[in-house]
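The values are calculated or read from the model by the stated rules, or taken from the named source; none is laboratory data. Bear in mind the structure is a predicted one, so any value in this text is a computation, not a measurement. With ideal geometry, Cβ positions are generated from the backbone for all residues, glycine too; neighbour counts draw on all protein chains shown.
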Amino acid sequence: MNNNSFISTFSQFPVLKRVAHILLLGFLTWACLAIVLFLTLDKVQFQNNIPKKSSLPKIYLIGCSNMDYNYNDSLLNAQFKNKYQIIKIHTSLSAGMFCLLENIRDQSINKDDILIYSIPLHIFIQENFAPFYNADFDISMNHNRINRLLKQYPFHSLSGYRNYHTIISNLIKLNSNNPITHTNDNISTSKNESYYKFHPSYLTNARINITYYDSNYVNFVLNEFNKIPGKHYFRFEPLIKNNFNIPVGITQYLATHTTYINKQNIFKINHSHNSPYHLNNAGSIENTNQLIQEMKISVLNSVQVHKN
């Protein structure tokens, strides 16, 4: 088909011309944002909290901000003292799955280490893989990471472009502040009980609402985890009673396609803190005791059997 044929087609069907213009504008916008990302994000420096060297076998607890709230460090350290080194790895849920994967890859994980993923269900939604529109994503990235993202996951990264105004605003902020970001929380920072007190007011404006999930995307995420060395286990994060709307299918699908060590836990309202995924002190103690029992039954016994 020659150029005259293309012009004739556009003349007969003006809607095609409009669609072509929209597609071209979208591509040019995406290309401009990619260039700005490359020029800006190399200014971001990383300062990881590296755990002290230890000869003990390692258990990595992996999640999002729930790592700070739902797991009592004192209980874990007392239970596994001189047996295992407990290391937390987390990234804000709003920074996305890619940043969490990168934080895991930052660690020197070997095939004998144990990885327990306690990941909120929201992060299994495809638009949360690389949410460029979110500031938490921007401050968890640098030039090398954005390079890997666009090279390794070009199609998954495209789903993150949905709010160009916020992307540009965040990039300007990055460029001016030149921040140093902590990409994971390996060093425990236990807070006093009053910090985790029950905040009933959050229930009026915070709710877990998941309307769909894509099994192909979930499989993609699970395959990415499987590429990481170590023994992999998963656990469902607590949900607060009457404060969530999730399709039953997603929990059933996850439970049947990977190794979960628990069933979905429903906690009382007075065990909540300031987010649908955050527990207060009483809730964190109960949740941590449950994790310890799950580890004894499903994880450590299994490891011991394999060693024997």
Looking at (1) surrounded by 13 or more Cβ atoms within 10 Å (Cβ to Cβ); (2) over 23 Å from residue 291 (Cβ atoms); (3) touching a strand residue (DSSP E or B) at 6+ places or on another chain (Cβ under 9 Å), find the lone condition where residue 213 falls short.
(3)
Subset tally (residues that are in contact with a His (Cβ under 9 Å, 6 or more places away or on another chain) and either of a type in the set (Asp, Glu) or surrounded by fewer than 14 Cβ atoms within 10 Å (Cβ to Cβ) (or both)) for the stretch 50-90
1
Output for Cβ contacts, cut-off 7 Å, separation at least six or different chains, first residue touching a residue at least 24 places away in the same chain (Cβ under 8 Å) in the stretch 125-138, second charged (D, E, K, R), reads 126/214; 133/162
Selection status of residue 89, in a loop (DSSP other than H, G, I, E, B), over 22 Å from residue 281 (Cβ atoms), in contact (Cβ under 8 Å) with a residue 40 or more places away in the chain and hydrophobic (A, V, I, L, M, F, W, C):
no
So residue 212 passes all but one of these: (1) over 30 Å from residue 280 (Cβ atoms); (2) assigned to a helix (DSSP H, G or I); (3) modelled with pLDDT of 65 or more. Which condition number does it fail?
(2)
Of the listed residues (155, 80), the one being closer than 27 Å to residue 254 by Cα and either out of contact with any Asp or Glu (no Cβ under 9 Å at 6 or more places or on another chain) or not aliphatic (A, V, I, L, M) (or both) is 155
Among residues of the stretch 236-277, those that are hydroxyl-bearing (Ser, Thr, Tyr) and crowded, with 17+ Cβ neighbours inside 10 Å, counted
6
Would you tally the residues in the stretch 234-275 being touching a Phe, Trp or Tyr at 6+ places or on another chain (Cβ under 7 Å), more than 21 Å from residue 212 (Cβ to Cβ) and in contact (Cβ under 8 Å) with a residue 60 or more places away in the chain?
8
Of those in the stretch 278-290 that are assigned to a helix (DSSP H, G or I) and not polar (S, T, N, Q), the residue surrounded by the most Cβ atoms within 10 Å (Cβ to Cβ) is 283
Tabulated pairs, the stretch 51-80, first free of Cβ contacts under 8 Å to residues at least 24 places away in the same chain, second of a type in the set (A, V, I, L, M) and not in a helix (DSSP H, G or I), C-beta under 9 angstrom, 6+ apart or interchain
52/187; 80/56; 80/59; 80/86
Scan the helices (runs of 4 or more DSSP H) fully inside the stretch 1-80 and keep the ones with 1 or more residues being at pLDDT 80 or above, touching a helix residue (DSSP H, G or I) at 6+ places or on another chain (Cβ under 7 Å) and of a type outside the set (Gly, Ala, Ser).
66-69, 73-80
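Rundown of residues vs (1) out of contact with any Pro (no Cβ under 9 Å at 6 or more places or on another chain); (2) assigned to a loop (DSSP other than H, G, I, E, B); (3) at pLDDT 75 or above, yes/no style:
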{"residue": "111", "(1), (2), (3)": "no, yes, yes"}
{"residue": "117", "(1), (2), (3)": "yes, no, yes"}
{"residue": "132", "(1), (2), (3)": "yes, yes, yes"}
{"residue": "137", "(1), (2), (3)": "no, no, yes"}
{"residue": "148", "(1), (2), (3)": "yes, no, yes"}
{"residue": "156", "(1), (2), (3)": "yes, no, yes"}
{"residue": "175", "(1), (2), (3)": "yes, no, no"}
Of (1) part of a loop (DSSP other than H, G, I, E, B); (2) surrounded by 18 or more Cβ atoms within 10 Å (Cβ to Cβ); (3) touching a helix residue (DSSP H, G or I) at 6+ places or on another chain (Cβ under 7 Å), residue 233 satisfies every one except (1)
